[in-house]
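We did not get these values from a lab; they are worked out from the coordinates using the rules stated. In this text the structure is predicted, and so the values were computed from the model without any measurement. Heads up, the Cβs are rebuilt from the backbone with ideal geometry, glycines too, and the neighbour counts pull from every protein chain shown.
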Amino acid sequence: MVASTRPPDSAAPSAPAPAGRFAAVQEMARLQRLLFEAEREFVRTATTLIYRIGEPELKYLLCQHVWESAGHARFLRERGRELSGFGSTDDVRPALREIFNEAVMPADATVAFAGFYLVIKPALLAAYRHYLSTTHHLADWPSRKLVEEFITDEERHAAEISPFLPVAASASEWIAHLTTHLASHATLFPLSPSHPLPPSACPNVPQSPTLLSASRTYAHPPTCNRGRFPTCSSVFGYDPADTPIIRPWLIDPSTDPRVIRIMVYVWLMMEMDAVDYLATVFYDTPHAPFDLHYDLARHLWDESRHSQFGYRQLPRLGIDLTTLEHSLDLYTILVQMTPPERYAMMTMEFEANSFPTKAHVMDRIRELNDFEADTLLAFDRNDEQNHVRSGHRWLPVLMSLFGETRPPEEFVTATRARFAELAKTFGGITPHSLPPERRLTGEKILRLVRS
Ligand SMILES: [Fe+2]
Ligand SMILES: [Fe+2]
C-alpha cells in the first residue's frame, strides 16, 4: 500500500473509517496529521500576538513556544510520513484553519492571548494525551516517545505562561466563544476541548457562534506594542545628547570599549523590532511550505534571544531599562510592505550589511576580557550568518507566493528604493516618550562608564 494522496480534508472523521490491513496505522496517522496541522497553524497565528503584546518577557516566551511548536510539527510530519495515510503535502484543512483564523480576531491582544492559551493549547494537550491513551505502546513506540515528550513540553508551556494569566475578565466571553467554536468541530477535531470556564460563566453562548473572521479580515496594527516601556523612532544617531547609539563612536578607535559594550547591548536589545516585524510574516503566508515557517520560527526565536542579550545584560551594567526608549521605525515602515519585501529588507539589507560594524565591535569588546559579552556576540554573529543564508533560500519562495517574477537581485534593489520612499512617510513618526534629560543617551553612557 502506498501513502494516501487524498486531500487533508478527507482525514476528517466524516470520511469512512479506515479498513483493511492498515486500519490501525491509518487511524493513528489521521490523528498525527491533525496534530501536525494544528501545530503549524499555531505557529502561523500565535505569532500575531507577539507584536500586539507589550511585555518583553511575554514576547520572548511566545517566540520560544512558537519555535517549540514548529519543532513538534516537524517531528510529527517526519514520523507521520512513515505511516500509511498521513498524506504527502503540508496543507491545512480549511475547517481547522477557520478555528485559528478566528483565534486571532479580538482587537484586544490580551483577549486573543487568553484564547490561545486557555482554549487552544489545552485542547492540543488533550489531543496528545488522547493519542497516548489510544495508540499501542509497543507497535507505535516511535510516535509514543515523541508524544510523551510533547506532552511534557505542553505542560511546561502552561506553567511558563501561567504568570501572565489570568487575564482580564473581559476575556471570559471570548474564551466561551472559542470553546464553543472548537466544540462545534468535535467531529473534525476530536480533542475534547477542556472547558476552562464552567458553563454558568458563559450562559448566552450560542451553539454555532457567529465568527468574527466571517465578517472582517485580520490586519496587522500600524505600530507594535511595547507596553510599559518608552518608545522613539530610532536609537541610532549622531547627537550624543539625543540617542543612545552614536554611529561614529562604534567605529572610532578612541571610544572606550565599555561605552561600545553598552551601545551594542542596546543595539541587540532593539532587535526586538526584528521580533515584531518578522512575526507578521507567518500569518500572511498561509500557503507557505512548512519548512519555510519552520526556518522563520527559528529566525524569530534567534532574534528574541539576541534581544534578551541586551535586555538581561544592560541592567547589570547599571542601565535603568525604563530610561531606554524602544525604536519602532522598522516596524512602522516594514508593516506597510509585502511579506517578501519585509523579508528582503531584513535578510538582504539589515542583516547582510551588519557584519563589518559588528566585527569591529567584537574586536573592541575583546579588550575588556568579558567572556560573556564575547560569547553572546559570537553566537549572535553565527546566528546572523544563518539568517542571511536562510534569506537566500527562502526569499525566492516568498516572492513566488506573491506572484513576484523579477530576479531576486532586482527585487531587492527595487525594495530598497521602496523602503526609502516609505520611510519618508512612515519613518520618524514615533515621538520620543521621554525628554532628553530623562532618556538614555550617548552622553549618559559615557558619564556612566567614567563614574
Ligand atoms: Fe539578530
Ligand atoms: Fe538576524
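Anisotropy class assigned to the stretch 204-267 is prolate, per the alpha carbon gyration tensor with a/c at or over the 1.5 cut-off and a/b larger than b/c. Residues Arg93, Arg40, Arg216, ranked from the fewest to the most other C-beta atoms within 10 Å, line up as Arg216, Arg93, Arg40. Shown for the chain is the translational diffusion coefficient from the Stokes-Einstein equation, using the Kirkwood radius over Cα pairs, a temperature of 10 °C and a viscosity of 1.306 mPa s: 67 µm²/s. Helix 121-134 sits at what angle to the longest principal axis of the chain, using alpha carbons and giving 0 to 90 degrees rounded to 10? So the helix axis and the longest Cα principal axis differ by about 40 degrees.
Compared with the direct C-alpha span, the chain from Ser400 to Arg216 gains 63.6 nm at full extension, assuming 0.36 nm per residue.
Averaging over all projection directions, the Cα-based convex hull of the stretch 197-330 occupies 13.0 nm² in the image plane. Positive end of the dipole of the stretch 17-139, charges at C-beta (+1 Lys, Arg; -1 Asp, Glu), about the Cα centre: which of Phe113, Ile53, Leu35 has its Cα farthest in that direction? Positive-end residue among those listed: Leu35.
Label-to-label distance, Trp141 versus Ser433, with points set 7 angstrom from Cα along the beta-carbon direction: 5.5 nm. Computed extension gain for Asp291 through Glu443, at 0.36 nm per residue and net of the alpha carbon distance, reaches 50.2 nm. Multiplying the residue separation of Arg129 and Ile251 by 0.36 nm and removing their Cα-Cα distance gives an extension gain of 38.4 nm. When peptides 429-440, 394-405 are sorted by average Cβ neighbour count within 10 Å, with the highest value leading, the order is 394-405, 429-440.
Equivalent ellipsoid of the stretch 231-450: semi-axes from √(5λ) of the C-alpha gyration tensor, largest first, are 31, 19, 15 Å. Of all aspartates and glutamates in the structure, the ones whose alpha carbon falls short of 14 Å from that of Lys59, not counting any fewer than 8 places away in one chain, are Glu160, Glu271, Asp273, Asp276, Asp302, Glu303. In straight-distance terms, cross-link reach from Lys444 covers every one of the lysines whose alpha-carbon lies under 27 Å from its own, apart from those fewer than eight places away in the same chain; here that gives Lys358.
Listed by chain and number, the lysines whose alpha-carbon sits under 28 Å from that of Lys145, ignoring those within fewer than 8 places in the same chain, are Lys121. Which angle from 0 to 90°, rounded to the nearest 10, does the C-alpha axis of helix 408-426 make with the longest principal axis of the chain? Around 70 degrees separate the two axes. Footprinting exposure proxy ranking of Thr210, Thr255, Thr441, fewest other C-beta atoms within 10 angstrom first, gives Thr210, Thr255, Thr441.
Dipole magnitude for the chain: about 380 debye, using +1 per Lys or Arg Cβ and -1 per Asp or Glu Cβ, origin at the Cα centre. Neighbour counting of Cβ atoms within 10 Å sorts the residues Tyr265, Tyr218, fewest neighbours leading, into Tyr218, Tyr265.
Tell me the angle of helix 371-401 to the major Cα principal axis of the chain, expressed in degrees between 0 and 90 and rounded to the nearest ten. It works out to around 60 degrees.
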